[in-house]
Structure formats: C-alpha cells, structure tokens
Amino acid sequence: MTTSSPNSLCQSLNVRNVQPIVLHKELMPDCRISLRPVCIHSNNDINAIHEWLSDGSPGHLPVDQLRVFFILLAECTYAQAFMVLLNDDTPIGQFEVYQVLQDELKDSVNGGEGDYRIYIPVMPVIASFPDITIQIIQTCLHFFFSCSEVKRVFWVIPVNDKERIKVAIKAGFRIFKPAREVAIDGDQPANVYQCTLANFLNA
C-alpha cells in the first residue's frame, strides 16, 4: 500500500490539473482499490457522481451546480472530495472529508485539532463482491490515519440506516455520545460514530 505525504488530506488543489492517485491497495487478485481527489478537468467524475446521485435521489443538483460544488470543495483547505476507483479507472464510490473545526458538527462533539468528519453519499460497492465494502472503507481510513494531522474520524449516520451502521461498526467505528442532538438534512435524527487509530487497528 502506498500513501501520500503527511499533512495533505485537505490541501487546496488546482482544478485544471489531473488529480493523482494517492493510495493503492490490492484487496484480492484482479481487485485493486485506488483513491484520488475528484477530478474537475474533465466531465468524467462529475458525470459519474451525477448519475449516482440521480438514481432515486429526489432534489439532486443539476450537473453544472454539482461541478461548481466540487470546484469549491477542491480549492478549499478544510475539506476534500475523493473518488474510489476499481483497478485505477472504474469509479465505484465517492466520499468527502471535512475538518470538524470548520464543520457544523464541531459544537456537537466538542471538536478539536485532528478531528475530521467523513460523508459518504455514494458507498463504494463492487457488485460481484458485496462483502468487500468494509475493506474499502478500512482502506480509506488507513489513508486518513497515514496523514499525521488526523487523530479522530467521525461519521454521522441516520439512526434508521441499519446497513451503514453495520458497515461503520465492522470498519472500526464506535458510537459517540455528542453533547448536542445531531440531525441530518435538518430533521432526520442521526447518531455520531467515531474512529480513532486504536479503534481502527483493533477492528
């Protein structure tokens, strides 16, 4: 497994450039997982994300607004969006990471330096290997914790999303009792899960 240099998780990117792969891991023969920032220089990533989010998701953003969103995310210094790729070229998932101190979650968890939140709108799935999703999430966590600034990773999951909760726990997350109630999209109750390096290594 290879990772990028430390202190680079949420760096500002030049959106005119092709974004390099920051992590490779072979999970099984002919099944290599890669991770790289979302590319804006062509329409490939944006079109894939738009198609994923359009599938049964009411109120999804038009493709042009989606592109603007990912440009803003790529250029900021406290968040980043990543694509999960199969064998370096087939997109199978997308997620975002945010520094908690710059995020609405900060008051609920008493966030500090080294705290990050992940948001996974498109869960990485390989149709022929449905059980491999947990390994993919753990691969992404390995990349996060390889960055020296990352101490804790939070994941906010709706209380009725049993499948995501199961994936989170198997990947090394543990439920966190926030100081304030947490909601998704303004009204959907959610639980906060956290993963530390120790949790991750013992998963």
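Computed from the coordinates by the stated procedures, all read-outs in this text should not be read as laboratory data. As the structure is a computational prediction, the values presented were derived from the model and not from experiment. Positions of Cβ are generated from backbone atoms using ideal geometry, with glycine treated the same way; all protein chains shown enter the neighbour counts.
Taking each DSSP H run with n ≥ 4 as -39500 (n - 2.57) and averaging over every residue of the chain yields -8500 deg cm²/dmol at 222 nm.
For residue 106, the lysines whose Cα comes closer than 21 Å to its Cα, not counting residues fewer than 8 places off in the same chain, are 151, 177.
Protection proxy ranking of 88-95, 106-113, by the mean of other Cβ atoms within 10 Å over each peptide's residues and highest first, is 88-95, 106-113. A Cβ-based charge dipole, computed about the Cα centre of the chain with Lys and Arg at +1 and Asp and Glu at -1, lands at about 560 debye. For the chain, set up a GNM with springs between Cα atoms under 10 Å and report which of 61, 13, 105 has the largest fluctuation. Most flexible of the set in this elastic network: 61.
Across all directions, the average flat footprint of the convex hull enclosing the Cα atoms of the chain is 11.0 nm². The mean sequence separation of alpha-carbon pairs under 8 Å and at least six residues apart, normalised by the residue count of the chain, gives a relative contact order of 18 percent.
Between 153, 167, 84, the residue with the greatest mean-square fluctuation in the GNM of the chain (Cα pairs under 10 Å linked by springs) is 167.
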